[in-house]
Amino acid sequence: MVDLTLDTDHVPDVAEDGVWLSCIECNETYAPFDDVIYECDACGGLLEARYADYATFDDFAGEGVWRYADALPVSGSVSIDEGNTPLYEVPGIAEEVGVADLRVKHEGMNPTGSFKDRGMTVGVRVAERLGVGRLVCASTGNTSAALAAYGARANMETLVLLPAGKVAAGKLAQAGLHGATILEVDGNFDDCLDIVSELAEMGEAYLLNSLNPFRLEGQKTIGLEMLEQSTAATGEWPDRIVLPVGNAGNTAALHKAFRELVAAGAMDEDEVPMLTGVQAEGAAPMVEAIENDYDEVRGWDDVETRATAIRIGKPVNAPKALPAIRQTGGTAVAVSDDEITDAQRALAEDGIGVEPASAASVAGLRKLRENGVIEDDERVVCLTTGHLLKDPDAAAAAGGEPTPVPNDVEGVLDVL
Ligand code: F0G
């Protein structure tokens, strides 16, 4: 397994403004803003941003993602006030699952309704700095909505490739209204990602999927913000974070946030929350790898789930996310579509509206409580990644039916 300990003693010559890119497999280093690069030229491994100095809590000031500017690779921003999302109490679910403390960090409260905005505010700024002309992503929906909005904000041409017929209505509408060119591919998300990766390699467009290491830098702020909010609310950090997994970008990004705090001396290794991934049963290659102790994830060709956001068979960030789960003492679990919908209803009963993929986190928590993996004394945060209105059809199917009534008070009272 790759060693993800951050070296704080040595700054390579390629560093610019104290930032460089490093291959997680072979440790080859690259200048961050000279050439467009997504994977290691030497071995094809995933890259991540590294810093001469890692920021601590004292360095943070202001609000939202850019509160954490000292932990980010660029200055300046393409911002529409992303981040600063609520860490909710959920009384109904908390009583049911009975852990020491339970909170839900609702990333659906970002400007375009998902956590993707945190990555795009950083990634699109890097694109500006690199001077690229056109932005591109493959998407199950949310990435395309965020890229379209941030691309519009930066006045850049934006192209999105989506699996035909498998993207929720809200997300498609967002990408269209913000002016992206939308191409529907007769294939799944993994096929779309293959195509956009090739376009990016050809220099046709700048890739803003989570393969792009700068996007994950923005998503790191979920972890930093969650720790600060937990301290303010309870005086303690969570023991465990339960999150939905698709491409496993967030799993990698949260781990990166905590590894940097460890490198900065702001967190002890044994204080890093246990990262616990949840996938839908019909798209669960990460769970399969954790359960079977595989060295690497074996991609699935055929995937299906009602939680279309995580309908992904080949999680590109698996080489980062598998060690993240294992090194933090976390785990991974698969849940059925019906369990996801039940969890979506349970969150709704606590007043929190999420899309199906997000509810997977709560479905996973329930399952891991039932089978005794999550213990009574744990402080848990579930990450809900996207807003209810992203997928109005799924919400309508999970919720109650309207009752037709005549146009008078008696008719209404009859029903009551
Ligand atoms: N939840 C939602 C609502 C998502 O949209 C995604 C990913 C995930 C969870 C999974 O996050 O990839 O970091 O493990 N959506 C991508 C997209 C694939 O195209 O919008 P991950």
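The set of residues in region 103-112 being assigned to a strand (DSSP E or B) and open to solvent by less than 10 Å² (accessible area, probe 1.4 Å) consists of Val104, Lys105, His106.
Okay, residues lined up against (1) closer than 21 Å to Pro163 by Cα; (2) away from the ligand (no atom under 13 Å from the Cβ); (3) surrounded by fewer than 24 Cβ atoms within 10 Å (Cβ to Cβ):
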{"residue": "Ala253", "(1), (2), (3)": "no, no, no"}
{"residue": "Ala263", "(1), (2), (3)": "no, yes, yes"}
{"residue": "Gly299", "(1), (2), (3)": "yes, yes, yes"}
{"residue": "Pro319", "(1), (2), (3)": "no, yes, yes"}
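Look at Ala55 and say whether it is in a helix (DSSP H, G or I) and either under 16 Å from Phe258 (Cα atoms) or open to solvent by less than 50 Å² (accessible area, probe 1.4 Å) (or both). Criteria not met by Ala55.
So is Gly64 within 15 Å of the ligand (Cβ to nearest atom) and at pLDDT 95 or above or not? No. When you look at Gly400, is it in a loop (DSSP other than H, G, I, E, B) and open to solvent by 50 Å² or more (accessible area, probe 1.4 Å), yes or no? For Gly400, the condition - in a loop (DSSP other than H, G, I, E, B) and open to solvent by 50 Å² or more (accessible area, probe 1.4 Å) - is met. In region 199-236, the residue that is farthest from the ligand (Cβ to nearest atom) out of those that are within 17 Å of Leu261 (Cβ to Cβ) and assigned to a loop (DSSP other than H, G, I, E, B) is Glu236. Hey, among Ile325, Ile352, Ile340, which residue is within 20 Å of the chain's Cα centre (by Cα), crowded, with 20+ Cβ neighbours inside 10 Å and under 29 Å from Leu6 (Cβ atoms)? When all the criteria are applied, what remains is Ile325.
Of the residues in region 197-229, how many are more than 16 Å from the chain's Cα centre (by Cα) and either small (Gly, Ala, Ser) or crowded, with 23+ Cβ neighbours inside 10 Å (or both)? Result for region 197-229: 6. Taking Val303 as the residue in question, decide whether it is aliphatic (A, V, I, L, M), touching a His at 6+ places or on another chain (Cβ under 9 Å) and either more than 12 Å from the ligand (Cβ to nearest atom) or closer than 18 Å to Ser139 by Cβ (or both). Criteria not met by Val303.
Per-residue answers, yes or no, for (1) farther than 25 Å from Asp301 by Cβ; (2) open to solvent by less than 50 Å² (accessible area, probe 1.4 Å):
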{"site": "Gly131", "(1), (2)": "yes, no"}
{"site": "Arg134", "(1), (2)": "yes, no"}
{"site": "Asn142", "(1), (2)": "no, yes"}
{"site": "Asp186", "(1), (2)": "no, no"}
{"site": "Ile195", "(1), (2)": "no, no"}
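Put simply, of Ala169, Ala180, Ala154, Ala149 the only residue that is free of Cβ contacts under 8 Å to residues at least 40 places away in the same chain and open to solvent by less than 70 Å² (accessible area, probe 1.4 Å) is Ala180. If you go through region 125-154 and keep only what is in contact with a helix residue (DSSP H, G or I) (Cβ under 6 Å, 6 or more places away or on another chain), under 11 Å from Ser79 (Cα atoms) and within 15 Å of the ligand (Cβ to nearest atom), you end up with just Tyr150.
The values are calculated or read from the model by the stated rules, or taken from the named source; none is laboratory data. Since this is a predicted model, take the numbers as computed values, not measurements. Every residue, glycine as well, gets a Cβ built from its backbone with ideal geometry; the counts of neighbours run over all protein chains shown. Calculation scope for accessible area: heavy atoms of the full protein, side chains included, ligands and nucleic acids excluded. Shrake-Rupley method; radii C 1.70, N 1.55, O 1.52, S 1.80 Å.
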